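As structure tokens, the structure follows; a few thoughts come after it.
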Amino acid sequence: MRYDSRGGFTMGVPVQYDFTDWFGLRAELAYVAKGQSVHRTHSFEGLKSDIRNHYLQIPVMANFSFGGTRLRGFVNAGAYVGAWLASIEKGINVNVFGHLTDAELLNENTTYISDGKLDFDARRDNRFEAGLTGGLGIRYLLLPRMEVSLEGRCYYALTDQQKDYMYFHTPRYNTTFALLAGISFLLGK
Amino acid sequence: MKTNIRYLFKLFVGAAVWGVTLFFSSCRDDAPELLNPQEYDINNNESLFLAFWHGMNNSYVYWDVDPTDWDAMYDQYLPVFQDLDEKMEQIQMADNVSEEEAEAFVREMQETYDEAFGNMCRNLIDHHLDINIQTFLGNDTIRVNLMPGMRDELPTRDYYHDFETVWRLYSIISSMEANGEIVDLVGGVFPPNYPLIKPNEKDASAFASYRTADGIICLHFPTFSFGDFVADPSAIQTQVIRNFQKLIDETPDVRGVIFDVRGNNGGNLDDIYEILAPLIDEDIHIGYVRTKSGTGRLDYGPWTPCVVHPAENHRKIDAPIVVLNDIFSISMAEMLSMAVQTLPNGCVIGERTAGGTGPLFGDFNFSYNGAFDNGTIQVSCATLMWKTVSGEIIEGKGVTPDIEFLQTPEVYNAMCQGSDLQLERAFEYIRTGNIE
């Protein structure tokens with residue numbers, strides 16, 4: 001069995017207030033698609049499960065910037081809270097009545113393609129997530145009131161995806177890396 | 001100077017933020033150390049208890065619906081096994097231990113094992129569950145064998161009977177042939193040395209296929225093992241199933257089909273392609289299964305439909321298809337019953353079955369759950385959880401028949417006298433449609 005991360009999409013609306021030319025406070029409302037894959041190996045090669053988890057997140061970060069007037073580097077550091085909205089699973093599973101033979105485990109008769117919403121289980125699933133976030137990026141003042149930015153960010157969850165519902169529970173934490181490209185409109189003086 | 005102070009302040013704030021960040025990043029809980037239950041190193045009573053508790057904790061497929069509080073069992077019984085180890089150590093350290101004291105401790109250990117494991121497993125609903133624990137204390141052996149479903153729960157049902165429903169079945173079938181009631185009979189008593197069947201009674205188990213004079217085709221079988229013998233044309237199982245399939249193919253007007261799975265203890269899932277698939281001409285959806293997807297008790301994969309495809313050589317049977325079962329019908333016998341109940345012409349006549357509906361794969365590596373064996377502890381249990389097409393999980397409950405027919409002492413006595421009243425009820429249903 002092999003576990004892999006999954007790429008996804010993120011989109012958000014940021015708001016930033018600069019107290020000084022090098023320090024500001026930034027908050028965002030962002031959608032983030034997280035996920036993971038499980039692939040079977042050896043004699044079970046071909047069976048797999050891809051899970052997509054949809055989150056709505058609000059990171060709040062201190063923004064430190066440095067550099068020139070037009071081109072500046074910046075560092076974000078802070079925390080975030082998020083809500084787990086939905087979960088979708090796509091996979092290849094065994095149809096146990098599919099006339100399995102030793103010669104060929106997987107064919108159209110012996111497999112079932114799953115593709116659908118996963119139900120949340122209130123006993124198990126923690127719909128709330130919180131953690132640390134930080135990023136490193138650059139921004140360029142394109143116009144007097146418009147700048148573009150590129151940032152590499154990490155969301156590091158400190159809360160478990162699951163509740164602590166059993167002894168010797170194995171915790172699951174999301175660690176998400178994102179590459180963000182954005183346009184900001186500068187308001188105020 | 002002012003610039004230096006500003007620079008130092010920026011540096012301080014940045015360092016403080018990252019310092020706090022790094023501090024909180026250590027707040028994640030560590031994953032517990034979990035071992036494959038088949039590789040647990042057992043060297044005392046505590047480690048034996050932990051091997052069993054953890055093995056079931058991670059492998060048992062019914063935690064979603066089972067009423068047992070498994071964490072409470074850990075709290076209650078870990079100290080009990082730790083106490084046993086302390087006592088054992090005291091005895092081993094003592095200079096003079098009499099034979100009586102040693103025997104008393106062996107008895108205490110056996111009683112503790114019986115009580116602890118018995119209480120832990122009493123309400124587990126998996127009716128395939130078969131637990132064997134064997135450990136050694138000097139020259140003495142401590143043994144535990146538990147079947148909470150079949151041995152503890154089944155006898156509590158008000159219709160429970162401890163007699164074999166199909167005792168003398170083959171004698172009755174032979175009489176029917178002699179009387180001209182049936183033709184084209186192929187069958188016989190199951191070989192007495194076959195490991196799955198208790199060879200206690202003459203005619204205790206029978207494989208048979210035949211046709212009544214008016215075209216009802218019957219198949220009696222005690223276990224789903226046709227696939228094991230299909231390569232051997234001389235095996236009674238192969239001859240019986242091929243005769244059944246020939247009768248399906250060649251009987252011009254099939255009046256009905258009867259599958260007799262009374263006392264049937266299940267077997268190969270694939271046997272459904274020898275038995276039911278030749279009678280359908282399109283896919284039938286007979287239920288759903290799911291298995292574990294992780295070590296958590298509530299980690300499950302998606303519900304996967306169980307679909308039976310028509311056999312390559314098939315003939316659609318529109319006449320009634322009947323399954324005869326009883327309280328001892330389990331596993332594949334129940335899945336066949338549920339499959340027939342999905343057909344518009346299907347009918348199950350008998351008793352509410354055992355309720356062991358979860359398929360067993362026997363390969364722990366398939367989903368890292370289900371049966372496990374580490375030499376000291378052998379647990380045989382379901383790998384997958386089953387639910388009906390209507391979404392009901394009937395593990396521990398069983399298949400409810402469409403027409404109830406209870407194995408009463410009167411029915412048993414009739415069987416001893418040469419009359420199979422349940423089989424006759426099936427004939428009546430097929431011939432008249434009477435469901436009362």
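The values are calculated or read from the model by the stated rules, or taken from the named source; none is laboratory data. Just so we're clear, the structure is a prediction, and the values are computed from it rather than from any experiment. Positions of Cβ are backbone-derived with ideal geometry, glycine not excepted, and every protein chain shown enters the neighbour counts. Accessible surface areas use protein heavy atoms only, side chains included; no ligands, DNA or RNA. Shrake-Rupley method; radii C 1.70, N 1.55, O 1.52, S 1.80 Å.
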Which one, A:Leu143, A:Leu158, A:Leu29, has the greatest fluctuation when you compute a Gaussian network model over chain A with C-alpha springs under 10 angstrom? A:Leu143
If you filter region B:226-307 for GluC sites (Glu not before Pro), then keep DSSP loop positions with at most 11 other Cβ within 10 Å, what is left? B:Glu282
Local charge sum around B:Thr357 (other residues, Cβ-Cβ under 10 Å, Lys/Arg +1, Asp/Glu -1)? -1
Hey, got the average number of other protein chain Cβ atoms within 10 angstrom for residues in B:272-279? 1
Considering only protein heavy atoms, what per residue accessible area in square angstrom results for the protein assembly as shown with a 1.4 angstrom probe? 48 Å²
In the Gaussian network model of chain A, springs joining C-alpha atoms below 10 Å, which of A:His39, A:His54, A:His169 carries the largest mean-square fluctuation? A:His169
Taking the full set of protein chains and a 1.4 angstrom probe, give the accessible area of B:Arg143 in square angstrom, rounded to the nearest 10. 140 Å²
Please give, to one decimal in nm, the separation of the simple spin-label points placed at A:Ile92 and A:Ser149, each 7 Å out from Cα toward the Cβ. 4.2 nm
With a ≥ b ≥ c the root eigenvalues of the C-alpha gyration tensor of the protein assembly as shown, is it rounded (a/c under 1.5), prolate (a/b larger than b/c) or oblate? oblate
Rounded percent of accessible protein surface that carbon and sulfur make up, the protein assembly as shown, 1.4 Å probe: 54 percent
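How much FRET efficiency would the formula 1/(1 + (r/R0)^6) give for B:Ile435 and B:Arg242, where r is the Cβ-Cβ distance and R0 is 25 Å, rounded to 0.05?
That gives a FRET efficiency of 0.15.
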Round to the nearest 0.05 the FRET efficiency obtained for B:Asp71 and B:Cys27 when R0 = 25 Å and r is the Cβ-Cβ distance. 0.55
Ignoring ligands and nucleic acids, B:Trp303 exposes an accessible area, probe 1.4 Å, in Å² to the nearest 10, of 60 Å²
Pick out which of B:Thr156, B:Thr238, B:Thr68 has the largest mean-square fluctuation in a Gaussian network model of chain B, springs linking Cα atoms closer than 10 Å. B:Thr156
Using protein chains only (no ligands, no nucleic acids) and a 1.4 Å probe, work out which residues of region A:136-182 have their accessible area cut by at least 30 Å² relative to the chain alone. A:Tyr156, A:Leu158, A:Tyr165, A:Met166, A:Tyr167, A:Phe168, A:Thr170, A:Pro171, A:Arg172, A:Tyr173
11 Å beta-carbon shell around A:Ala33, net charge (K/R +1, D/E -1): +3
Extended-chain gain in nm, criterion 0.36 nm per residue less alpha-carbon gap, B:Val80 and B:Glu108: 8.9 nm
Asserting the computed 222 nm helical MRE of chain B (DSSP H runs at least 4 long, -39500 (n - 2.57) per run, divided by residue count, to nearest 500) equals -11000 deg cm²/dmol
Rounded to one decimal in nm, the spacing of the 7 Å Cα→Cβ label points at B:His285 and A:Arg6 is 2.3 nm
What total accessible area, in Å², is buried where chains B and A meet, using a 1.4 Å probe and rounding to the nearest 100? 4000 Å²
Taking 0.36 nm per intervening residue step and subtracting the Cα-Cα distance, what contour gain separates A:Thr175 from A:Tyr140 on full extension? 9.8 nm
For B:Tyr160, solvent-accessible area (1.4 Å; no DNA, RNA or ligand), Å²: 80 Å²
Counting Lys and Arg as +1 and Asp and Glu as -1 over every other residue whose Cβ sits under 12 Å from the Cβ of A:Arg70, the net charge comes to +1
In whole Å, how far is the Cα centre of region A:1-42 from that of region B:86-161? 54 Å
If you average the alpha carbon positions of region B:278-317 and of region B:347-382, how far apart do those two centres end up, in angstrom? 17 Å
Only protein chains counted, 1.4 angstrom probe. Which residues of region A:22-61 are at least 20 Å² less accessible in the assembly than when their chain is isolated? A:Trp22, A:Arg40, A:Phe44
